[in-house]
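Written out below as structure tokens is the structure these notes cover.
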Amino acid sequence: MNKAQIKVNDNGSLRVTGDVELVDAEGNVFPTKQSFSLCRCGLSKKMPFCDGSHKGAFQSVVRAE
């Protein structure tokens, strides 16, 4: 099993790589690949996955402390 990584993209999605299982609140498993992006702006029509709808409409500040 590959170590999972979640990268917080500035003004964009959460990029997930590695072996992960994505499960909703009811326990349903979403089919995923080794690399995928999750929406964090709420604008995607393919929730919970990012479809690029955030471009030009979402700003975030990402800082590691």
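The values are calculated or read from the model by the stated rules, or taken from the named source; none is laboratory data. Everything numeric here is computed off the predicted structure, so don't read it as measured data. Cβ placement follows ideal geometry from the backbone for every residue including glycine, while neighbour counts extend to all protein chains displayed. Protein only, heavy atoms only, side chains kept; ligands, DNA and RNA dropped before computing areas. Shrake-Rupley method; radii C 1.70, N 1.55, O 1.52, S 1.80 Å.
Exposure here means at most 12 other Cβ atoms within 10 Å; with trypsin sites (Lys or Arg not before Pro) in a DSSP loop as sites, the longest stretch of the chain lacking them is 4-32. The alpha carbon radius of gyration of the chain, expressed as a multiple of 2.2 N^0.38 Å, is 1.17. Per residue, the accessible area of the chain comes to 77 Å² when a 1.4 Å probe rolls over the protein heavy atoms.
What's the carbon and sulfur percent of the chain's accessible surface, probe 1.4 angstrom, rounded to a whole number?
C and S fraction of accessible area: 50 percent.
Only the Cβ atoms of Lys and Arg (+1) and of Asp and Glu (-1) were treated as charged; on that basis the dipole of the chain about its Cα centre amounts to roughly 280 debye.
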